[in-house]
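Contents: one structure, followed by commentary.
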Amino acid sequence: MTDAALAGRTVRSARSALRVWDPLVRVFHWSLVVLFASNVLITDPEKDLHHLIGYAVVALVAVRLVWGLIGSRHARFRDFPPSVSAALGQLGDIAKGRRRVHLGHTPLGALMIYNLLATMLLIGLTGWMMTTNAYWGVKWVEEMHEFFVTWAEICVAAHIAAVIWESRRTGVNLPRAMVTGVKMIEPRDLPQSGQPKSGKPTSGHASE
């Protein structure tokens, strides 16, 4: 084994495994991915299955809103309040090459989450309106529904790109963390005391 490979293994093994995302957050995230993608890419908008999936998405968002008030630390909205100034600060870090690891959601990620939660509810609302006698066939309702779906698609694409970028920039595998619930944090991202800034440590250290 080369010295470089040995050094890389040593760095990985020294990372702290911090449990950040609880099961409900992870199930919500991936369920929303599957349901939204199904309605956009597979189902027929005129069929009952499309409508049922839409209602399921609204129900998921409702559960997430409640969990944002009573859930685990990093699931709560108070852990990632919407802040334009913090988001601009993160953009400044990116522009200047400063590396800062956030155990929970980043400021930019927080804005995207609130945006997507609101957008999903608006898609559900306009979709439901299109099934009622009062708004069936009303053009502006259909146009608003299509607008919100398109906006969600753009935001999802931006979100995926940002997650890939931040994973490479910070060295923290964000997609993997949303699957396992665990973020691998390097020692330099921990405070001087050696304890994590936040998040619940798993047993000891772990390698990636």
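The values are calculated or read from the model by the stated rules, or taken from the named source; none is laboratory data. Nothing here was measured: the structure is a model prediction, and the numbers come from that model. Please note: Cβ atoms are built from the backbone with ideal geometry, for glycine as well, and neighbour counts cover all protein chains shown.
Any chance the stretch 48-55 includes a residue that's under 18 Å from the mean Cα position of the chain (by Cα), under 14 Å from residue 117 (Cα atoms), modelled with pLDDT of 95 or more and buried (at least 17 other Cβ atoms within 10 Å of the Cβ)? Scanning the stretch 48-55 turns up no residue that is under 18 Å from the mean Cα position of the chain (by Cα), under 14 Å from residue 117 (Cα atoms), modelled with pLDDT of 95 or more and buried (at least 17 other Cβ atoms within 10 Å of the Cβ).
Scanning the stretch 136-150 for residues that are surrounded by 17 or more Cβ atoms within 10 Å (Cβ to Cβ) and either under 17 Å from residue 28 (Cβ atoms) or of a type in the set (A, V, I, L, M) (or both) returns 141, 144, 149.
Counting residues in the stretch 104-117 that are of a type in the set (Ser, Thr, Tyr) and either outside any loop (DSSP other than H, G, I, E, B) or under 30 Å from residue 48 (Cα atoms) (or both) gives one or more.
The rows are residues; the columns are (1) within 25 Å of residue 24 (Cα to Cα); (2) modelled with pLDDT of 95 or more; (3) among the hydrophobic types (A, V, I, L, M, F, W, C).
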{"residue": "94", "(1), (2), (3)": "no, no, yes"}
{"residue": "97", "(1), (2), (3)": "no, no, no"}
{"residue": "115", "(1), (2), (3)": "yes, yes, no"}
{"residue": "152", "(1), (2), (3)": "yes, yes, yes"}
{"residue": "155", "(1), (2), (3)": "yes, yes, yes"}
{"residue": "165", "(1), (2), (3)": "no, no, yes"}
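Quick one: in the stretch 30-45, which of the residues that are under 21 Å from the mean Cα position of the chain (by Cα) and aliphatic (A, V, I, L, M) is nearest to residue 137 (Cα to Cα)? My answer is 40. With respect to being farther than 20 Å from residue 144 by Cα, part of a helix (DSSP H, G or I), aliphatic (A, V, I, L, M) and without any contact (Cβ under 8 Å) to a residue 12 or more places away in the chain, residue 37 falls outside the description. Among the residues in the stretch 23-30, are any over 17 Å from residue 104 (Cβ atoms), in a helix (DSSP H, G or I) and at pLDDT 95 or above? Yes.
Go through the stretch 53-89 and give me each residue that's over 29 Å from residue 34 (Cβ atoms) and in a helix (DSSP H, G or I). Scanning the stretch 53-89 gives 84, 85, 86, 88, 89.
Every residue in the stretch 135-149 that is of a type in the set (Val, Ile, Thr), over 28 Å from the mean Cα position of the chain (by Cα) and part of a helix (DSSP H, G or I), please. Within the stretch 135-149, 141 is the sole residue that qualifies. Do the conditions hold for residue 121, that is, is it touching a Cys at 6+ places or on another chain (Cβ under 7 Å) and touching a residue at least 12 places away in the same chain (Cβ under 8 Å)? No. Of everything in the stretch 1-15 that is out of contact with any helix residue (DSSP H, G or I) (no Cβ under 7 Å at 6 or more places or on another chain) and at pLDDT 50 or above, the residue that is nearest to residue 185 (Cα to Cα) is 15. Among the residues of the stretch 157-171, are any assigned to a helix (DSSP H, G or I), within 22 Å of residue 71 (Cα to Cα), hydroxyl-bearing (Ser, Thr, Tyr) and out of contact with any helix residue (DSSP H, G or I) (no Cβ under 8 Å at 6 or more places or on another chain)? Scanning the stretch 157-171, I find no residue that is assigned to a helix (DSSP H, G or I), within 22 Å of residue 71 (Cα to Cα), hydroxyl-bearing (Ser, Thr, Tyr) and out of contact with any helix residue (DSSP H, G or I) (no Cβ under 8 Å at 6 or more places or on another chain), so the answer is no.
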